[in-house]
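Here's the structure, in structure tokens; my notes come after.
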Amino acid sequence: YRNFTGKGLRCLLDVPNTEAYGNAHHSSGRFCSQSSQLLGEKIPSLQISSVGQLPHNFPAWNLQIIRSFHTSPSLQAAPVPLFWILVKPAQKLFAIILGRSIRKWWKALPPNKRELFKESARKNKWKILLGVSSLGVVFVMFYFTHLEETPITGRARLMVFGKEHFRELSQMEYDMWMDLFKSQMLPETDEGYQLVETIVGHLSESNKDIPQVSALKWVIHVVDEPAVNAFVLPNGQVFVFTGLLDAVSDIHQLSFILGHEIAHAVLEHAVKKASLVHFLDFLSLIFLTMIWAICPRDSLAVVGQWIQSKLQEFMFDRPYSRTLEAEADKVGLQFAAKACVDVRASSVFWQQMELAEAIEGQPKLPEWLSTHPSHENRAEHLDRLIPEALKIRESCNCPSLPGPDPRLIFRLNMQRLLKLAEGQEAPNSTKQDPSKPKLDFPHT
């Protein structure tokens, strides 16, 4: 296993000296899309370790802890259309001014006119209800007339913006990233660059039967940056940080992560996310106007506006982001399976991330606070998808997977880690017999 990358603590895990799997695959295999070489042949120097049984000694596995890992950048892969970025604040400002003006107008009315207005509203309540219903029907019709079928998965998705706008903005963001990292780009002769280039080329070649994959030109950029991150712009520009190359244990894990990011671009998740956010923001303008019209003071209206924005964020925006991540995991696993990758390593990666955070002592926040699934839930989700991915791999005439299941290896190593921690803590304790250490971990 290679080192995890990050800051702070280190611990030891048992990785005994055992025979290597050999290369990633043998030369007898083929790809579904008639690729002529296997990944292992292209990277003969990389070998993936496996474990038969654990010895009594305990060689070191240096585990450097990372704080956080998301395979999408903190910024969206493609920003929303420029005109919306400029208009959005103006829309909110207009809603606030309108609501505040309605409130002031109502307060300025004499009491007798207020009563007349209320009486008129009661008499015309059905007309008012019809008008509100008509507005709701317009929004529903707009929603269903802008649904499209997602490539590969076939799921319905809301598409408000044209794809041509995003192609232009993808180029703008590409220029931004290149300007930001221009002094940190690794040359094409670097081993890390060549590794990423080989894996991305292998994944695209193995999935070239998918039009959305073959239509994009995948361009590699490896950034010398310790952050554990990778992302792919909608125009096929692939950015991988060296922190990720150090964090993965083998090329199978890296292949799955890059397949996940390629899936984001192929499924056009940036366009989908921007479309939903724009649609919800437009709807929220109605509630924003009502908040500023109903609240008696500006301070209460500000609080009401903040509550509304947080409800939208945690009830719609973040759950939708987690749904897109799960979809990218599923499709990315399929991409990796067709490339004859050991798909079982995918869930191990997220278990490693969970372990790293636990050892560092980071608080475990509820999943609903995040835009990404928790490491634990992500690993469980992938475990449920792995049997189907193995069938896809088998249908592509891939060679049999060598060695034991890496998930089993990880569990065995965790048991050894717990025993080691138990043995280290026992002599320092005055409340228990060192010969009978107590395992004080909530789970393995």
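The values are calculated or read from the model by the stated rules, or taken from the named source; none is laboratory data. Computed from a prediction, not measured in an experiment: that's the story for all the values here. In this analysis, Cβ positions are derived from the backbone assuming ideal geometry, glycine residues included, and neighbour counts consider all displayed protein chains. The accessibility values were calculated without ligands, DNA or RNA, using every heavy atom of the protein model including side chains. Shrake-Rupley method; radii C 1.70, N 1.55, O 1.52, S 1.80 Å.
Check MET290 against each of (1) touching a residue at least 60 places away in the same chain (Cβ under 8 Å); (2) surrounded by 18 or more Cβ atoms within 10 Å (Cβ to Cβ); (3) not basic (Lys, Arg) and name the one condition it does not meet.
It is condition (2) that MET290 fails.
Consider the range 290-336. How many of its residues are part of a helix (DSSP H, G or I), over 24 Å from LEU158 (Cα atoms) and charged (D, E, K, R)?
The number of residues fulfilling the criteria is 1.
One residue is enough: does the range 224-238 have a residue meeting the conditions more than 30 Å from VAL196 (Cα to Cα) and crowded, with 20+ Cβ neighbours inside 10 Å? Let's see the steps before the verdict.
At the first step, the residues of the range 224-238 found to be more than 30 Å from VAL196 (Cα to Cα) are none.
The answer is no; no qualifying residue exists.
Take the residues in the range 151-187 that are free of Cβ contacts under 8 Å to residues at least 12 places away in the same chain and closer than 14 Å to VAL223 by Cβ; name whichever of them is least open to solvent (accessible area, probe 1.4 Å).
PRO187
Please verify whether ILE210 is touching a strand residue (DSSP E or B) at 6+ places or on another chain (Cβ under 6 Å) and in contact (Cβ under 8 Å) with a residue 24 or more places away in the chain, treating the condition exactly as stated.
Judged against the criteria, ILE210 is not a match.
From the residues in the range 237-263 that are of a type outside the set (A, V, I, L, M, F, W, C) and in contact with a strand residue (DSSP E or B) (Cβ under 6 Å, 6 or more places away or on another chain), which one is nearest to PHE349 (Cα to Cα)?
Looking at residues that are of a type outside the set (A, V, I, L, M, F, W, C) and in contact with a strand residue (DSSP E or B) (Cβ under 6 Å, 6 or more places away or on another chain), I get GLU261.
Could you check, for the range 338-358, whether at least one of its residues is in a loop (DSSP other than H, G, I, E, B) and open to solvent by 20 Å² or more (accessible area, probe 1.4 Å)? Give the steps one after another, and end with the answer.
From the range 338-358, those in a loop (DSSP other than H, G, I, E, B) are 339-344; that's our starting set.
In the following step, the residues that additionally are open to solvent by 20 Å² or more (accessible area, probe 1.4 Å) were identified as 344.
Checked the range 338-358: at least one residue is in a loop (DSSP other than H, G, I, E, B) and open to solvent by 20 Å² or more (accessible area, probe 1.4 Å).
Tell me the residue from GLN334, GLN312 that is in contact (Cβ under 8 Å) with a residue 24 or more places away in the chain and open to solvent by 40 Å² or more (accessible area, probe 1.4 Å), please.
Going through GLN334, GLN312 in turn, the sole match is GLN334.
I'd like the full set of residues that are within 35 Å of the chain's Cα centre (by Cα) and at pLDDT below 60, limited to the range 402-443.
Across the range 402-443, the qualifying residues are LEU439, ASP440, PHE441, PRO442, HIS443.
Which residue is least open to solvent (accessible area, probe 1.4 Å), if the candidates are limited to the range 71-106 and must be modelled with pLDDT of 80 or more and of a type in the set (Phe, Trp, Tyr)?
First, pick out the residues of the range 71-106 that are modelled with pLDDT of 80 or more: 89-106.
Applying the additional criterion that residues be of a type in the set (Phe, Trp, Tyr) yields 94, 105-106.
Details: PHE94: 135, TRP105: 121, TRP106: 76 Å².
Taking the candidates together, the pick is TRP106.
Does the range 316-338 hold any residues that are over 10 Å from ALA263 (Cα atoms), of a type in the set (Val, Ile, Thr) and over 12 Å from the mean Cα position of the chain (by Cα), and which are they?
Within the range 316-338, no residue meets the criteria.
For a quick check of your reading of the model, give me the residue pairs whose first member lies in the range 350-370 and is within 15 Å of MET414 (Cα to Cα), whose second is modelled with pLDDT of 85 or more, with beta-carbon atoms closer than 6 Å and at least 6 apart or on different chains.
Matching pairs, first to second residue: TRP350/HIS375; TRP350/ARG378; TRP350/ALA379; GLN351/ALA379; GLN351/PHE410; MET353/HIS375; GLU354/HIS375; GLU354/GLU376.
State the number of residues belonging to the range 393-406 that are open to solvent by 40 Å² or more (accessible area, probe 1.4 Å), in a helix (DSSP H, G or I) and in contact (Cβ under 8 Å) with a residue 60 or more places away in the chain.
Residues meeting the conditions: 1.
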